[in-house]
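Beneath this line is the structure, given in structure tokens, with notes to follow.
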Amino acid sequence: MPEALRIRVTGVVQGVGFRPFVWRLAHDLGLKGWVKNDAAGVEIHAEGKALDGFIARLESEAPPLSRIDAVVVHAAAHEGHAGFAIVESTGGRVSTAIGHDTATCAACLAELFDPANRRYRHPFITCTHCGPRYTVTRRLPYDRPQTSLAPFPLCADCQREYTDPADRRFHAETTCCPNCGPHLQLLDAAGRPIAGDPIAATLELLRAGRIVAIKGLGGFHLACDATNAETVAALRARKAREEKPFAVMVADVETASRYAKVGAGGTALLQSAERPIVLLEKRIELPGVAPGLAEIGLMLPATPIQFLLFHDAPELALVMTSANPHGEPLVTGNDEALARLAGIADAFLLHDREIVVRCDDSVRRGSGFIRRARGYVPRAIKLPHAVPAVLAVGGWFKNTVCVTRGDEAFVSQHVGDLDNAAACGFFEETVAHLLAILDVEPEIVAHDLHPDFHSTRFAAAFAAQRGIPAIGVQHHHAHIAAVCAEHGVMAPVLGLALDGVVLGADGTAWGGELLRVEGATCERLGHLRPLALPGGDVAAREPWRMAASALHALGRGDEIARRFADEPAAPTVTQMLARGLNSPPTSSAGRLFDAVAGLLGVRRRQSFEGQAAMLLEGLGARHGEAAPLSDGWRMQEGVLDLLPLFAYLEDCEDASAGAALFHATFAAALADWAAAAAERTGIRIVAAAGGCLLNRLLAAALRSRLAARGLQLLEARALPPNDGGLSLGQAWVAGRGA
Ligand code: ZN
Ligand code: ZN
Ligand code: FE
């Protein structure tokens, strides 16, 4: 061992207490030298005897929020330092990632509820290991002036902690105290201050059945008593949210277990520092919270404000739903809250720490994501190799954007559906912010093939402005590529893309394809037998039309008017289908679920995308496992035809048995289809993606069916399987093709 070492550490090592950790470790081992942040991460100069132990402990004892990608060690000349110091950051090109928001840590919680502590009940308590990061940071380097704590200069006590390497708030950029930090305020519906302790007064309102807008990390929540059916109904009515499920926050796992079957996996997710909403099987029904669904979304407190509320009222179950009226982006500003939530909230629990970056709650189920946002963004997804700098702009629904830097891909928080001006504005903000915090100049822009998406138009303009190529990536190619990218698979795969209606490479409406994907190339090996969409887009909102379409395909179009006698459009739909007017065909898998929901009488119309399929899944789950209908499908030249199954379901009296049978048969058919392609192509890996993979009955059955055929199934884990993962796939395809 030489007498001195120069050590470079890369990964997530800034803003996570890494330098003080190094400082303490060096002091522990009696080493001399220095540590500093620079553009590439952290650099250390260490001299002394215990250098071996130093390197080992650097990796094994690293702070909880850090992630070390590499430790590169070089022998160095002895510089003869008298002590170990933390020296000033050196600027230059930024190449480290900023941290993600995390729940208040145990040490801070202990202080929060310790009457002797100077931060007793301080709603903004935080340290180097916890608290807001991504949502308060404008740009790198991650220093207080770049965060929304900039207007709150540290008081003498906080300054002392901030500059003491032995203190756990050394360089905690968002630290503050009651003397120098932001303050809470409770306002009534008219914006007038409500007297008294804001937490106590908020609880009083909530218990009285009022709806309170509460400022969270990445945006406002609308909160109300989840056990008060009247209040929940009022919230639905005011928010015009019809039937979308609400998430519920409870104090702890024990309380969560009253409402849902939590289990070991659920416990770990609920208690994780990221604090996502976790979908769990319901134990009891909270009226109006998640109507008709088998699952409920639960989460535990994440911020000091939430901990204070639940500390004082541990029995509480609070609806905590995103405050995003009319499907527009989440409300983040105080004035904006008062304006946009007028008529919805009875009161506003506000504070003066600005939310810099809008970020919804993440939603998880088991090992997968349904929505990836707060707590996980902006963590990188490791790619199998470096690619050029790509900006991928995602699709239309559940939009996210992705930026690559070397062998890392950074996928933004869930932006949402780009169907309104505000969402499009948020999309553009997100692109700008992500590029800024990563300091990336894109060399390529990747987008969906659909010319009318806001994201596609933005990509074209962005590329033209900078004189860089814009590459269109077919929707399903991107879905499958996203799965390959996160699993580091370079070999060719069979891709099962099971989705809503998307634009295919041939200009027709796709939605259920079997693909061969290898890097930047994609071949359509087969597709589901197309069904007509009577009325076009409206068929996606009205499952009964898809049921009518299935009847028509079975040669039983004459039954449509009778079966849907109370649908005024039934005769028109019959005519449309008979004459092939305004009834474009689609191979969409999602529309099959709609057709079944329509046939079984589960749902005639849906109030949000995927609702009929979710209800069908809930019914099937309650029924329990079913055997597939053995002659429920046909395969011909790559086309998978499920009409025999539909013929059976059409006369099925028991909706829940029918739902279970449909899931089982569809999965068996898909596995059969994939196995036949595996036989032909010699490819044994199947990647499956698309919105339908969120259906756990289908996913579970597909998993076991493919395994039984000796095929390996790759699924989305780091990102949702739906369009939330599209941008990663676009980036990977464009990056590899270049
Ligand atoms: Zn902490
Ligand atoms: Zn202070
Ligand atoms: Fe999709």
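The values are calculated or read from the model by the stated rules, or taken from the named source; none is laboratory data. Only a predicted model underlies this, so the values are computations on that prediction, with no experimental measurement involved. Here Cβ is always computed from backbone atoms with ideal geometry, including for glycine, and neighbour counts include all displayed protein chains. Heads up: the accessible areas ignore ligands, DNA and RNA and are worked out on the full protein's heavy atoms, side chains in. Shrake-Rupley method; radii C 1.70, N 1.55, O 1.52, S 1.80 Å.
I'd like the accessible area for TYR134, computed on protein heavy atoms only with a 1.4 Å probe and all protein chains in place. Round to 10 Å², please.
Counting only protein heavy atoms, TYR134 exposes about 0 Å² to solvent.
Run the paramagnetic zone check for ASP439: 7 angstrom along Cα to Cβ, then residues of region 6-23 with backbone nitrogen under 16 Å.
9-15
For GLU285 paired with ALA422, estimate the spin-label separation in nm (one decimal), with each label point 7 Å from Cα along the Cα-to-Cβ line.
3.3
³J(HN,Hα) across region 641-654 via Karplus (A = 6.51, B = -1.76, C = 1.60, θ = phi - 60°), whole Hz, x for Gly/Pro?
Karplus values, whole Hz, x for Gly and Pro: 10, 9, 4, x, 5, 5, 4, 5, 5, 4, 9, 7, 8, 9.
Of all accessible surface on region 4-86 at a 1.4 Å probe, what whole percent is carbon and sulfur?
Details: 1740 of 3290 Å².
Carbon and sulfur together cover 53 percent of it.
Obtain the nm distance between the two label points defined at GLN159 and HIS450 by a simple spin-label model: each point lies 7 Å from its Cα along the Cα-to-C-beta direction.
Computed distance between label sites GLN159 and HIS450 equals 5.5 nm.
Given R₀ = 56 Å, what would the calculated FRET efficiency be for ALA39 paired with ASP654, taking r from the Cβ atoms and rounding to 0.05?
My answer for the efficiency is 0.30.
Carbon-plus-sulfur fraction of the accessible area of region 111-211, 1.4 Å probe, in percent?
Carbon and sulfur together cover 52 percent of it.
If you average the sequence gap of Cα pairs under 8 Å that are 6 or more apart and divide by the length of region 184-364, what percent do you get for the contact order? Spell out each step's value before the answer.
Details: 363 pairs, mean separation 64.7, N = 181.
Dividing the mean separation by the residue count of region 184-364 yields 36 percent.
List, in the order given, every pair from LYS32/LYS382; LYS239/LYS382; LYS282/LYS398 whose Cα-Cα distance in the structure shown is over 28 Å.
On the way: LYS32/LYS382 34 Å; LYS239/LYS382 39 Å; LYS282/LYS398 26 Å.
Result: LYS32/LYS382; LYS239/LYS382 exceed 28 Å.
What percent does the relative contact order of the chain come to when contacts are Cα pairs within less than 8 Å and at least six residues apart? Don't skip to the end; give the middle numbers.
Numbers: 1743 pairs, mean separation 81.4, N = 738.
Once normalised by length, the contact order is 11 percent.
Which angle between 0 and 90 degrees, to the nearest 10, do you get for helix 696-708 versus the longest principal axis of the chain when only C-alpha atoms count?
With both axes taken from Cα atoms, the answer is about 80 degrees.
When ranked by the protection proxy of mean other Cβ atoms within 10 Å per residue, highest first, what sequence do the peptides 713-722, 397-406, 571-580 form?
Highest mean packing first, the order is 397-406, 713-722, 571-580.
Per residue, how large is the accessible surface of the chain? Use a 1.4 angstrom probe and give square angstrom. Write down the numbers at each step before the final one.
Working: 26670 Å² over 738 residues.
Heavy-atom SASA per residue in the chain reads 36 Å².
Between region 621-698 and region 258-273, how many Å separate their Cα centres?
So the separation of the two Cα centres works out to 31 Å.
Can you give the translational diffusion coefficient of region 661-719 in µm²/s, computed by Stokes-Einstein from the Kirkwood radius over Cα pairs at 25 °C and 0.890 mPa s?
The Stokes-Einstein estimate is 213 µm²/s.
Only bridges whose two residues both fall in the chain count here: according to DSSP, what percent of them are antiparallel, nearest 5?
Approximately 75 percent, going by the DSSP bridge assignments.
So how tilted is helix 198-207 from the main axis of the chain? Cα-based, degrees 0 to 90, rounded to 10.
Long axis of 198-207 versus the principal axis of the chain: about 20 degrees.
Would you calculate the separation in nanometres between label points at ASP672 and ARG466, each defined as 7 Å from the Cα along the Cα-to-beta-carbon direction?
If labels sit at ASP672 and ARG466, their model points lie 4.9 nm apart.
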